[in-house]
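Novice: Can you read through this structure? Questions will come right after.
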């Protein structure tokens with residue numbers, strides 16, 4: 001009688017192991033997405049920066065004092081946001097410029113009445129512009145923001161509460177920070193109430209006062225520029241004096257050209273003072289704590 005062959009069990013398909021791993025990874029990924037929808041919105045940008053670094057193959061950032069020097073503000077990499085800033089700059093006809101520097105992205109706003117004369121009190125025009133720029137810059141980055149205040153060469157009034165232009169420029173920078181962290185924060189919290197309730201916007205995170213650093217520039221920059229202008233005009237006057245002594249020009253012509261140089265200097269100084277009616281916002285390549 002023939003012996004019955006023992007039935008051999010086929011080994012389990014090897015693809016099941018790979019399939020199981022893939023399903024586990026997908027589950028982990030979707031759990032991550034779900035958890036991100038319930039945390040502070042600022043975390044999303046941190047994840048985005050990390051993913052972009054990994055996918056582009058860039059080396060890990062160099063850390064100095066525990067702070068990254070390569071935290072690129074997403075405002076420069078998201079074309080829609082950048083274009084909105086350009087649109088606002090065009091609306092104000094060249095009074096706003098956007099520059100890229102080693103420290104980060106600089107938004108320069110100048111030749112506007114940001115403050116009342118000799119004061120750190122913001123004008124209504126300034127608040128309107130700062131509201132437009134601030135809501136974009138603050139709510140689309142989690143970087144450190146440095147606010148620079150300026151003053152021109154004219155001394156502060158004798159009855160001023162500010163001892164010098166250094167104090168005035170510092171107070172102006174602080175006024176902008178105060179506007180962002182108080183008035184603009186309150187306004188945006190009302191405008192985006194639906195987003196707050198849905199967990200898509202956290203004003204406490206984006207408008208955290210620790211992100212902002214007010215810096216007073218004082219008046220040394222404009223004074224140096226005025227000094228250079230005066231030296232150039234003095235050179236021109238000395239040349240005219242030589243021409244007069246040599247008899248190449250008449251006394252009447254000399255007096256006329258000297259007067260023209262004085263008027264030109266006064267005009268240039270006034271134009272320079274208008275340019276220093278100015279506020280700068282530097283979006284640092286450094287994440288806020």
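What follows draws every value from the coordinates through simple rules; no lab data is involved. What you see is a predicted model; the values in this text were computed from it and never measured. Using ideal geometry, Cβ is built from the backbone for each residue, glycine included, and neighbour counts are taken over all protein chains shown.
Novice: What distance in nm separates the two pseudo spin-label positions at residue 22 and residue 270, each 7 Å out from Cα along the beta-carbon direction?
Specialist: That separation, rounded to one decimal, is 7.5 nm.
Novice: Let me ask something additional. Order by neighbour count: 220, 166, fewest other Cβ atoms within 10 Å first, most last.
Specialist: Values: 220 12, 166 16.
Ranked by crowding around the Cβ, least crowded first: 220, 166.
Novice: Within 10 Å of each residue's Cβ, count the other Cβ atoms and sort 211, 200, 172 from fewest upward.
Specialist: Values: 211 22, 200 12, 172 27.
Lowest to highest Cβ neighbour count: 200, 211, 172.
Novice: Short version: what are the Cα gyration tensor semi-axes of the range 223-272, square root of 5 times each eigenvalue, largest first, in whole Å? Could the numbers behind the result be given before it?
Specialist: Numbers: eigenvalues 114, 28, 4 Å².
Value: 24, 12, 4 Å, ordered largest first.
Novice: So for the pair residue 124, residue 190, with labels modelled 7 Å out along Cα→Cβ, what separation do we get in nm?
Specialist: 1.6
Novice: Here's something else I'd like to know. Provide, for q = 0.12, 0.18, 0.20, 0.21 Å⁻¹, the log10 of I(q)/I(0) from a solvent-free Debye sum over equal Cα point scatterers in the range 124-232.
Specialist: Log10 of I(q)/I(0), two decimals: -0.53, -0.91, -1.02, -1.08.
Novice: May I pose another question? I need to check one value: relative contact order of the range 93-241, counting alpha carbon pairs closer than 8 Å and at least 6 residues apart, in percent.
Specialist: Values: 171 pairs, mean separation 38.2, N = 149.
Over the range 93-241, the number comes to 26 percent.
Novice: Further question: Give me 176, 217, 163 ranked fewest to most by other Cβ atoms within 10 Å of their Cβ, as a rough exposure proxy. Walk me through the numbers on the way to the answer.
Specialist: On the way: 176 28, 217 20, 163 9.
Least crowded to most crowded, the residues run 163, 217, 176.
Novice: If I stretch the segment between residue 250 and residue 116 completely, what's the gain in nm (0.36 nm per residue apart, minus their alpha carbon distance), one decimal? Each step should come with its number before you reach the end.
Specialist: Values: separation 134, 0.36 × 134 = 48.24 nm, distance 4.65 nm.
Between residue 250 and residue 116, full extension yields 43.6 nm more.
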